[in-house]
Amino acid sequence: MKSLQIQRFDFLLALYIACIAISELMGAKTFPIATIGTFHLSASVAIFVVPLIYSVNDIITEVFGKDRARSVVRSGLFMVALFMLFSAFATWLPSTPRFAKINPAYVTVFALSVRIAASSLTAFAVGEFLDVLIFARLRQRFGSKKLWLRTNISNFVSQFLDTTLFMFLAFYSLNVPFLANVSFLFGLILPYWLLKCFMSVIETPLVYLGVTWLKKEEK
């Protein structure tokens, strides 16, 4: 039935925004992965959706070009900013007596610190725009060939910058020597970035499926 049809680009855009919302809303939770000696490797639950955000970017860039992809990124940034502002407003409002018992939990979940929220928004913006730029440049060089290579190179580079920028902005301490900061932060950055790269590789077939699926509707 026509009334139940969904345009494929609309679905991808909705998926993109949903993944952003999931990463912002639920990404604070971490889970254990492995223990190597005294080193505990863990990751945010957002690891399952962040690479998918970049994959959707690549699909849109492949089919519609970098200008359309940049428009989608800008839309995503506005949604993140709106989410941050409304979270601050909603947690600032006083609660009714009926809601008072669970209000502290509500505030804990939604009241993100200004520094963490600003770091997330900045890193997301830089990483997303860089991903579109690198993917578009690689497409100019390789044409429509080697989609798997173009996708993963753009994802690896942009996600490394995204992760590094976020960790430094969010957790760099001015009261700690520079080398100690670098040692601590890269202990967080490298495992998390490698996990993102691993997820990007796993999701590569989804990029192929997404490009083929979207092109069919465009034709």
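The values are calculated or read from the model by the stated rules, or taken from the named source; none is laboratory data. Just so it is clear, the model here is predicted, and its values are computed rather than measured. So basically every Cβ, Gly included, is an ideal-geometry build from the backbone, and we count neighbours across all protein chains shown. Note: areas computed on protein heavy atoms with side chains; ligands, DNA, RNA excluded. Shrake-Rupley method; radii C 1.70, N 1.55, O 1.52, S 1.80 Å.
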Long-range amide H partners of Ala43 with built H, under 5 Å: Phe31, Ile33
When the chain is treated as a GNM, springs tying every alpha-carbon pair under 10 Å, which of Val107, Val126, Val56 comes out with the largest mean-square fluctuation? Val107
Scan the chain and note any complete DSSP helix (H) whose C-alpha atoms cover at least 24 Å along its axis and whose Kyte-Doolittle average is -1.0 or more. 8-26, 66-92, 114-142, 147-171, 178-202
Percent carbon-and-sulfur accessible area, the stretch 29-187, ignoring ligands, DNA and RNA, probe 1.4 Å: 70 percent
Residue-averaged [θ]222 nm for the chain, counting only DSSP H segments that reach four residues, each worth -39500 (n - 2.57): -25500 deg cm²/dmol
Please report, in cubic angstrom per residue, the volume enclosed by the convex hull of the alpha-carbon atoms of the stretch 103-219. 157 Å³
Kirkwood Rh over Cα pairs of the stretch 38-90 into Stokes-Einstein at 37 °C, 0.692 mPa s: D in µm²/s? 247 µm²/s
So what does Lys145 come to for accessible area, using a 1.4 Å probe and Å² rounded to 10? 140 Å²
Length added when fully stretched, Leu209-Ala14, from 0.36 nm per residue minus Cα-Cα: 68.5 nm
Using a 10 angstrom cutoff on alpha carbons, build the Gaussian network for the chain and name the most mobile of Ser42, Ser173, Ser200. Ser173
What does the extension gain come out to for Thr96 and Arg115, with contour length at 0.36 nm per residue minus their alpha carbon separation? 3.9 nm
Between Asn103 and Thr30, how many nm apart are label points set 7 Å from Cα along the C-beta direction? 3.1 nm
Taking the alpha carbon gyration tensor of the stretch 159-219, what are the square roots of 5 times its eigenvalues, largest first, to the nearest whole Å? 38, 12, 5
Rounded if a/c is under 1.5, else prolate if a/b beats b/c, else oblate: with a ≥ b ≥ c from the C-alpha gyration tensor eigenvalues square-rooted, which is the stretch 1-135? oblate
Provide the FRET efficiency to the nearest 0.05 for the Phe186-Lys145 pair, computing r from the beta carbons and using R0 = 35 Å. 0.50
Roughly speaking, what % of Cα-Cα pairs in the stretch 68-142 are separated by over 13 Å, rounded to a whole number? 72 percent
